[in-house]
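Values in this text are rule-based calculations from the coordinates and carry no lab data. No experiment lies behind these values; they were computed from the predicted model shown. Cβ: placed from backbone, ideal geometry, glycine included. Neighbour counts: every protein chain shown.
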Amino acid sequence: MKRLAVTVVSVAAFGLAGGSAFAGGGGATIDTFPVSFVMTSATCSNLPAGTTLTATGTEKSITVVKTSKSGITRIHNTSHATGTATDQAGNTYVFDYSNDFNVSNTAGNPALFSGIMNDHFSLAGNGPARLSNGFQGVFTTDFALLASITPLHSRGDPIDFATLAAHCDPL
């Protein structure tokens, strides 16, 4: 599963585990943490053949969990990461990543959350690699074992939607 989906699910699950400290209060949980990735042309067909990118940066994730009087919980998460990357020839790049989702459960199935996720990853620099990937999809999860994304729109081969494995969107 791609790194961001794991991070987002973990952050949201943390919010749910907080119980009344988060439920109904509308307060935000803000987490900032380092991110890193290695991406190659073997997994990202939009990179020039033989390319290996090694990157580091910082991601900030903001999660708001609200529960209505009727017991419906809505979770909104926005995450943004920036950083630098270097390819095998020493060329330098910058990357920009953003992801947001807004999901809620139902009275009939309070453990399952579903809603819209938007995702974008771009990379630019002084070398030959250029990426602009993203998608909008229906994100469904139980914040434990189940997570799926049904794409509504996709560009640049970001992930494998069947397995959630990263292609050209490493975060």
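Annotations for the structure displayed:
- Anisotropy class assigned to segment 25-65 is prolate, per the alpha carbon gyration tensor with a/c at or over the 1.5 cut-off and a/b larger than b/c.
- Geometric descriptor of segment 107-171, per residue, is 86 Å³ (volume of the convex hull of the Cα atoms).
- The equivalent ellipsoid of segment 55-171 has semi-axes of 32, 15, 10 Å, largest first, where each one is the square root of 5 times an eigenvalue of the Cα gyration tensor.
- Ranked for footprinting exposure by Cβ neighbours inside 10 Å, fewest first, Leu53, Leu164, Leu47 give Leu164, Leu47, Leu53.
- Amide N of segment 30-72 lying under 19 Å from the label point, which is placed 7 angstrom from the Cα of Thr84 along Cα→Cβ: 33-39, 52-60
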